[in-house]
Amino acid sequence: MKILKFGGSSAATPERIKSIITIAKPYLHEEVAFVFSAFGGVTDQLIRISQLALEGNGIYKTMLDELEKRHLDAVRALTPVSTQSSILAQVKVQINELEDVLHGVFLVKERTARTLDYIMSFGERLSAFIISEAFKAGGIQAEFLDARLVIRTDNQFGYAKVDFETTHKLIRDHFKNHQAIQIITGFIATSESGETTTLGRSGSDYTAAIFAGSLRASSLKIWTDVDGMMTADPRLVKKAFTVPRMSYEEAMELSHFGAKVIFPSTMQPAMAHHIPILIKNTFNPTAAGTLISADSVNGKMVKGISSMNNISLLNVQGSGLLGVVGVSMRLFTTLARENVNVILISQASSEHSICLAIESSDIHKAKTAVEKEFVHEIHDELIDEINVVNGLSIIAVVGESMKQHPGASGRMFNALGKNGVNIVAIAQGSSERNISTVIQQSDVAKALNVLHDAFFLSDKKTVSIFLIGTGLIGGTLIKQIHEQLQKLSEQNKLEVKLVGLANSKKMLFDENGFALNEAISQMNSQGELMNLDDYISKMIRLNLPSSVFVDCTSSETVSGKYEKILSANISIVTPNKKANSGNYDTYILLKEVARKRGIRFLYETNVGAGLPVINTLNDLLLSGDKVIRIEAVLSGTLNFIFSSFTQEKKFSEVVSEAQAKGYTEPDPRDDLSGTDVARKILILAREAGARLELNDIVVENLVPEDCRQISLNEFSSQLKLHDSYFEKRLTEANHKNEKLRYQAVLENGKAVVRLGSVKNDHPFFSLSGSDNIILLTTERYQERPMVIRGPGAGAEVTAAGVFADIIRIGNYSN
């Protein structure tokens, strides 16, 4: 014997019912029975209609007419005209009976649990009857079975308890005397006194399991609208996939904490008789589905991650709990008396506190009851005021094999911690099958995704990028990521998603990730007006795992938001120097926030573009080395100017050439002022441990005083008047066989930025083009300083440095 059950979504329309008959036909050569839910949405509709009748709202009659039409239309679509009249008549009889009950509710303004059960029963009674007639119309010898004839329960309306001894006998006797294929109503039963009852949430699945257990079926197949039990809720975790096999216990744990595919009550009768349960998809019948049985074998440490929302914590704590026998009994007895279900319990070994997770809808009556029970202890300050925390969720990681794999808890907490998900409470049974944590409900989607990556895709890491600035560097970064996507995925097991994009005018988000080759054009055409606060708020609200804010602007306004972003557990990568060269206390604060939050604040490209300057310096310091002196040429623009400046070329001509080639800022005075170089040496000084502000640095401004306040057009001609001064500096250097270099020097806690000359044995002497060079003299590198040299400017190398920092975060965050 096999029992097949089809849910409401599977039987929502006549077309779907026809597909059910197609699915059913291969089973007809063996013993089989079918259990059906009400047509999709009908149970909710019946509850709504009865509520309207209870409120005295005549609209219930219109809704009842619609319900009648839906079922009569199904009869006409599924059965031949020759047999329709009698079938339609029987459906109308049931609808009339329902109408009479609803009219009574309307008149007396009363709807007891008993009445509601009776009203809801019409959904299954109508659907199973119509489907049995559809089976007959398809040439199948089928018979309608109202489960109320064979399932006996108590009088607990809404969630009746089954009398299995009586029920088993009635079911077996019925099947002995009926050879036709039984089309059975789900969800409904009859009490000992003959009144209609219902079996509670997922009652039709439970009905199928009851029949399977009574008949000792070889299998129970639950046909629904998903491919099986998933590793996580696919609406929240896009990478979720079907679990091929799991044990009864694993399935029960997952269903208890929110997995809606199957419910614990369904498994109990099947589990008692070791009947395997197969979850199948009516809309994808060829999919393998999920097999739930006594065996769990498939090699995975974790089978699934589920969540339960709208949870509140009730905290009972105080010195009066220590070593006092019976406190827990009083607490749980009190809650049971109020019909409050305790979902999770966490108690410290000190016995100082007990923490209970309860559905938020019950928290008020739970708190009131507990306060009443312990009123004297609270008055005597043996127990503190009862504390309630709302807005929480439970995340459960489930797997039989966790007890055989040390480190499961560590992996879970590490993944949550690195992504800024705070754990409010923890519970784990001695079976080690389930680790449950209570977290903020706002963090559920992020938590599910990071845990799913950690346990199911541990070799695959995901980074979600929010980029501001789509100019040269930002645009080049997008291009580089696009070019490397496949390699990153295949070789580095890293998935980089661009989910937020903005420039000074527009902003746009795509939680699933932009197509990188179209991202900027899509933002320009579809984006909304840029508002920095709105952009940051949306980024924080999305709360995606391994989020990285990438600032490719030079805006002080943007860098002023870094503390807020880091405080929201979002890492930052930036070539923008403003934050790290601004106020010293802010520089320290940002690093401290990142450290406390367990996230990254990376800015390698603040100095030397893509050159490994800051990382190298930090590695030296972390290993115990000490900086003695830093000498550097940190402006590619100024190095080009002074490498090209000869007796044959006037200084103003070289500046114009650099401007024409795009080496300078739009206004060359921004480079010639030396401020940018000062910011860079300041950052290096701070990284080396010096407490300096920007105004502590002595800077030689190469812009003559009479050129500083004039327009850009006037500047070019005015600069020519100072060619002789720069020619003199060049001649002095040449006479000493030296070359001019605009240098930054840090020594003894002081920093100087100036134009000087270097001898032919100095590493700066051979520097050419727009290269940067940094000499690190440390205790370990005194005789021969460490030299870092290479391109110090340009979109390609700067974007590459930013990209490298993003990859570092990807490797760190997972």
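The values are calculated or read from the model by the stated rules, or taken from the named source; none is laboratory data. What you are looking at is a predicted structure, and each value in this text was computed from that prediction instead of being measured. Every residue, glycine among them, receives a Cβ derived from its backbone with ideal geometry; neighbour counts consider all protein chains shown. To get the accessible areas, we keep the full protein, side chains included, count just its heavy atoms, and leave off ligands, DNA and RNA. Shrake-Rupley method; radii C 1.70, N 1.55, O 1.52, S 1.80 Å.
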* Would you kindly compute the Cα radius of gyration of the stretch 69-161 and its largest Cα-Cα separation (Dmax), both in Å? => 15.4, 46
* **the stretch 502-607: Cα Rg divided by the 2.2 N^0.38 Å rule of thumb** => 1.09
* Asked: Once you sort the root eigenvalues of the Cα gyration tensor of the stretch 194-305 as a ≥ b ≥ c, which label holds: rounded (a/c under 1.5), prolate (a/b larger than b/c) or oblate (the other case)?
  -> prolate
* Based on the mean of other beta carbon atoms within 10 Å per residue, what is the order of 493-500, 684-691, most packed first? -> 493-500, 684-691
* So what are the ³J(HN,Hα) numbers for the stretch 576-591, from phi and the Karplus equation (6.51, -1.76, 1.60; θ = phi - 60°), rounded to whole Hz, Gly and Pro as x? -> 6, 7, 4, 5, 7, 10, x, 4, 4, 4, 5, 4, 5, 4, 4, 5
* To do: Would you work out the charge dipole size for the stretch 640-752 about its Cα centre, treating the Cβ of every Lys and Arg as +1 and the Cβ of every Asp and Glu as -1, and quote it to the nearest 20 debye?
  => 300 debye
* Pairwise FRET efficiency - K505 versus D706, Cβ, R0 = 45 Å, nearest 0.05 -> 0.75
* To do: Note the full-extension length gain between Q94 and N315 as 0.36 nm times their separation in residues minus their Cα-Cα distance, in nm to one decimal.
  => 74.5 nm
* Given charges of +1 on the Cβ of Lys and Arg and -1 on the Cβ of Asp and Glu, with all other atoms neutral, how large is the dipole of the stretch 507-620 about its Cα centre, in debye to the nearest 20? -> 380 debye
* Can you tell me the dipole magnitude for the chain around its Cα centre, using point charges on the Cβ only (Lys, Arg +1; Asp, Glu -1), in Debye to the nearest 20? => 1340 debye
* To do: Using only the Cα atoms of the stretch 682-733, build the gyration tensor, take square roots of its eigenvalues as a ≥ b ≥ c, and label the shape rounded, prolate or oblate: rounded if a/c is under 1.5, else prolate if a/b is larger than b/c, else oblate.
  => oblate
* Asked: Taking the Cα atoms only, what angle lies between the long axis of helix 113-137 and the longest principal axis of the chain, rounded to 10 degrees?
  -> 80 degrees
* **Label-point separation in nm, K661 to R330, each point 7 Å along Cα→Cβ** => 8.5 nm
* Asked: Fully extended, how many nm does the chain gain between F283 and N492 (0.36 nm per residue separation, minus their Cα-Cα distance)?
  -> 71.6 nm
* To do: Taking all protein chains together and a probe of 1.4 Å, list K461, K759, K650, K680 from the most accessible to the least accessible.
  => K759, K650, K461, K680
* Excluding ligands, DNA and RNA, what is the solvent-accessible area per residue of the chain at a probe of 1.4 Å, expressed in Å²? -> 43 Å²
* What ranking of R780, R669 comes out by heavy-atom accessible area, probe 1.4 Å, highest first? -> R780, R669
* **Cleavage-rule hits, GluC sites (Glu not before Pro), the stretch 55-130, DSSP coil, Cβ neighbours within 10 Å at most 14** => E55, E110
* Averaging sequence separations of C-alpha pairs under 8 Å and six or more residues apart, then dividing by the length of the stretch 696-814, give the relative contact order as a whole percent. => 17 percent
* How large is ³J(HN,Hα) for each residue in the stretch 170-187, as worked out from phi by the Karplus curve 6.51 cos²θ - 1.76 cosθ + 1.60 (θ = phi - 60°), to whole Hz, x for Gly and Pro? -> 5, 5, 5, 4, 4, 5, 5, 9, 10, 8, 5, 5, 8, 10, 9, 6, x, 6
* Spread of Cα-to-Cα distances over 20 Å intervals beginning at zero, given as percent, for the chain -> 13, 32, 28, 16, 10, 1
* Quick one: pull the percentage of alpha-carbon pairs in the stretch 1-112 with a separation above 18 Å. => 60 percent
* For helix 472-491, report the angle its Cα long axis makes with the longest principal axis of the Cα atoms of the chain; keep it between 0 and 90° and round to the nearest 10°. => 50 degrees
* Over the alpha-carbon set of the stretch 280-349, work out the extent along each principal axis and list the three values in angstrom, largest first. => 60, 28, 21
* Provide the gained length on full extension for the span R629 to S768, in nm with one decimal, where the gain is 0.36 nm per separating residue minus the Cα-Cα distance. => 47.8 nm
* **For the chain, with +1 on Lys and Arg beta carbons and -1 on Asp and Glu, the positive-most of G56, N524, T167 along the dipole** => T167
* Helix 444-456: angle to the longest alpha-carbon principal axis of the chain, degrees 0 to 90, nearest 10? -> 90 degrees
* Asked: Got a number for carbon plus sulfur as a percent of the chain's accessible area, 1.4 Å probe?
  -> 49 percent
* Structure fact -> Across all Cα atoms of the stretch 450-506, Rg and the largest Cα-Cα distance (Dmax), in Å, are 13.4, 41
* Structure fact -> Of 177-188, 77-88, ordering from highest average Cβ density within 10 Å down gives 177-188, 77-88
* Asked: Relative contact order (percent) for the stretch 456-496, with alpha-carbon contacts under 8 angstrom and 6 or more residues of separation?
  -> 58 percent
* **Space enclosed by the convex hull of the alpha-carbon atoms of the stretch 695-814, per residue, Å³** => 198 Å³
* Structure fact -> Low-density loop GluC sites (Glu not before Pro), the stretch 715-814, at most 16 other Cβ within 10 Å, DSSP non-H/G/I/E/B, are E779, E783
* Taking only C-alpha pairs under 8 Å that are 6+ residues apart, what is the relative contact order of the chain in percent? -> 8 percent
* Under 13 Å from the Cα of K720, which aspartates and glutamates turn up, not counting those fewer than eight places away in the same chain? -> E653, D706
* Provide, as a two-decimal number, the C-alpha radius of gyration of the stretch 1-61 over 2.2 N^0.38 Å, N being how many residues it has. => 1.56
* Asked: For Y725 and K538, what does the FRET efficiency come to when R0 = 51 Å and r is the distance between their Cβ atoms, rounded to the nearest 0.05?
  -> 0.45
* **Proximal lysines relative to K505, as straight alpha-carbon distance under 23 Å, when same-chain residues fewer than 8 apart are discounted** => K479, K497, K538, K561, K564, K577, K578
* What does the highest-first list of 621-634, 570-583 look like by mean Cβ count within 10 Å? -> 570-583, 621-634
* To do: Please list M1, M267 in order of solvent-accessible area, largest first, computed with a 1.4 Å probe with all protein chains present.
  => M1, M267
* For the stretch 372-510, just the Cα set please: Rg and Dmax, both in angstrom. => 21.8, 71
* **Alpha carbon convex hull of the stretch 118-262, projected area averaged over orientations, nm²** => 10.3 nm²
* Structure fact -> Where a ≥ b ≥ c are root eigenvalues of the Cα gyration tensor, a/c under 1.5 meaning rounded, otherwise prolate if a/b exceeds b/c and oblate otherwise, the stretch 637-763 counts as oblate
